[in-house]
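Here is the structure we will look at.
The values are calculated or read from the model by the stated rules, or taken from the named source; none is laboratory data. Note that the coordinates shown come from a computational prediction; the quantities given were computed from them, not determined experimentally. Every residue, glycine among them, receives a Cβ derived from its backbone with ideal geometry; neighbour counts consider all protein chains shown.
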Amino acid sequence: MSRILALATLAWHFVLATVVAGLQTARMILGPAGRLRPGFVEYRFEPFGVGGAVALACLVTLTPGSTALDLDPQAGRMRLHLLDTGTADEAIRQIREQFERPLRRLLGRREAA
């Protein structure tokens with residue numbers, strides 16, 4: 001995959017994720033009280049350089065409902081705050097598929113298994 005195509009894919013995934021997450025976040029906030037379970041989760045990734053890890057953390061933070069709080073690029077670890085930890089597995093899967101994989105392609109690094 002060319003870098004231009006990888007960048008376009010990453011940009012598309014980011015825009016789509018931002019819109020969908022924004023709508024989901026608004027629904028959670030405006031929905032019935034007591035449904036939210038905010039909390040912290042750890043996201044592990046195969047290390048791929050400081051720049052790539054920072055870009056990944058920025059993409060996560062700019063997506064509504066999630067914030068990267070602590071980043072350890074060498075260990076491949078990021079601590080996240082999620083608005084609803086009940087959907088943590090799905091959030092992690094989406095981060096991996098929508099952000100991490102296209103970012104690895106863009107940077108020319110192999111994907112995490």
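Checked against (1) closer than 25 Å to Ala8 by Cα; (2) in contact (Cβ under 8 Å) with a residue 40 or more places away in the chain, Glu90 passes all but condition (2). Might you check whether a residue that is closer than 14 Å to Gln98 by Cα and part of a loop (DSSP other than H, G, I, E, B) occurs anywhere in region 44-53? Within region 44-53 (the criterion being closer than 14 Å to Gln98 by Cα and part of a loop (DSSP other than H, G, I, E, B)), the answer is yes, since at least one residue qualifies.
Each residue in region 3-28 was checked for being farther than 23 Å from Cys58 by Cα and not basic (Lys, Arg), and 0 of them qualify.
Do we have Leu106 as more than 19 Å from Arg37 (Cα to Cα) and either modelled with pLDDT of 95 or more or of a type outside the set (Val, Ile, Thr) (or both) here? When the stated conditions are applied, Leu106 passes them.
Are any residues in region 59-95 touching an Asp or Glu at 6+ places or on another chain (Cβ under 8 Å) and part of a helix (DSSP H, G or I), and if so, which ones? Result: no residue meets the conditions. With the checklist (1) hydrophobic (A, V, I, L, M, F, W, C); (2) touching a strand residue (DSSP E or B) at 6+ places or on another chain (Cβ under 7 Å); (3) exposed (fewer than 15 other Cβ atoms within 10 Å of the Cβ) in hand, flag the one item Ala75 doesn't pass. Tallying (1) hydrophobic (A, V, I, L, M, F, W, C); (2) touching a strand residue (DSSP E or B) at 6+ places or on another chain (Cβ under 7 Å); (3) exposed (fewer than 15 other Cβ atoms within 10 Å of the Cβ), Ala75 fails exactly one: (2).
Taken together, Ala113, Ala55, Ala68, Ala17 contain a single residue that is modelled with pLDDT of 95 or more and under 23 Å from Arg3 (Cβ atoms), which is Ala55. Looking at Gly34, Gly49, Gly65, just one residue is in contact with a strand residue (DSSP E or B) (Cβ under 9 Å, 6 or more places away or on another chain), at positive phi and not basic (Lys, Arg), and that residue is Gly65.
Considering the conditions (1) buried (at least 16 other Cβ atoms within 10 Å of the Cβ); (2) in contact with a Ser or Thr (Cβ under 9 Å, 6 or more places away or on another chain), Leu62 is excluded by exactly one of them, (1).
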